[in-house]
Amino acid sequence: MSEKKVVIGAGGYNNNPGWIHTEQSELDLLVASSWSANFEQESLSAILAEHVWEHLTYEEGGKAAELAYQYLKPGGHFRVAVPDGLFQNDEYQYNIQVGGPGPADHPAFDHKIVYTYSSLRQLFEEAEFAVQLLEYHDENGVFHCVDWREEDGVIFRSNRVDPRNQGEVPLFPSLIIDAIKK
C-alpha cells in the first residue's frame, strides 16, 4: 500500500514529487465536506502546508488543524511552515505583518496572523497534535534548528533548502513544525 501525502496550497510549485498537490479550489481547509470529498478519514500519512496558515485567523487555523487531524493516520505528521514572528529583522517583519505589503515578488497583503513558535505550537496542541519544533527563532532572536528529513516534506522557505538562507544568518526564515497525530 502506497503512502498518501498531500501538499495544501501548493501554489503551482512541486517541491514534493509524488505528493498530491492541492489548491483551495480543490481542498477548502475549513469545509469538512471538501476534506471528505477528497480523502477517507485516517488515510493520509503526511500533510504539508508552506506559508498557508498565516492566511487564516487563529480560529480558522484551529478548525483546519482539527479537520486535518481526522484525515491523518495515527502517527502521521503535518509539516507546517509560516513566517517567523520572532525573526529579528525589521524589513522581514514589515513584509509579514497582518495586512502588510509582503515582498515585491509575492505580496502577503492578506496575512491574518503572525505566529511565534509558542502560538503555532499551542494552536496544534489544542487540536490534539504532539508538536515538534523544527526551525524557529526564540524570544531572544536565537535561531534553533533540528535535523529534519526532506523525504517527510520539503519546505522551500527553510534554512536547509532556500538559497537565501545559506549564509551564517538566515535572510528569509520560516517557523517550521511537525504536528504528529497521537
Here the relative contact order (percent) of the chain, from C-alpha pairs under 8 Å and at least 6 apart, is 22
A correct fewest-to-most ranking of ASP178, ASP162 by other Cβ atoms within 10 Å would be ASP162, ASP178
Computed for segment 5-181: size of charge dipole around the Cα centre, +1 on C-beta of each Lys and Arg, -1 on C-beta of each Asp and Glu, debye to nearest 20, value 260
When the chain is treated as a Gaussian network with springs between alpha carbons less than 10 Å apart, the largest mean-square fluctuation among ALA130, ALA46, ALA65 is found at ALA130
Most exposed first, judged by fewest Cβ atoms within 10 angstrom, SER174, SER36 run SER36, SER174
Candidates for Rg/Rh (Cα atoms, Kirkwood Rh) are (1) 1.39; (2) 0.94; (3) 1.13, and the calculated one carries label (2)
Among segment 80-99, those whose backbone N falls under 17 Å of a label point 7 Å along Cα→Cβ from ARG149 are 80
In the chain the DSSP beta bridges are antiparallel at a rate, in percent to nearest 5, of 55
Nearest 10, in degrees from 0 to 90: the angle of helix 117-126 to the longest Cα principal axis of the chain is 20
If amide H atoms are modeled at 1.01 Å from N in the peptide plane, then the residues at a separation of 5 or more from VAL7, or on another chain, having amide H under 5 Å from its own are ILE20, HIS21, THR22, LEU48
Residue-normalised 222 nm signal for the chain, counting each DSSP H run of n ≥ 4 as -39,500 (n - 2.57), nearest 500 deg cm²/dmol, is -6000 deg cm²/dmol
Out of GLY75, GLY18, GLY102, a Gaussian network model of the chain with alpha-carbon springs under 10 Å gives the largest mean-square fluctuation to GLY18
Taking a ≥ b ≥ c as the square roots of the Cα gyration tensor eigenvalues, with a/c under 1.5 meaning rounded and otherwise prolate when a/b beats b/c or oblate if not, segment 74-182 comes out prolate
Put in order of increasing Cβ neighbours within 10 Å, starting from the fewest, ILE180, ILE8 give ILE180, ILE8
Projected onto the charge dipole of the chain (unit charges on the beta-carbon of Lys, Arg, Asp and Glu, signs +1, +1, -1, -1), the Cα from ALA81, VAL98, SER2 with the largest positive-side position is that of SER2
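Only the coordinates and a few stated rules stand behind these numbers; no lab work does. This one's a predicted model, so the numbers in the text were calculated from it and none came from an experiment. Cβ coordinates were reconstructed from backbone atoms using ideal geometry, including for glycine residues, and neighbour counts include every protein chain displayed.
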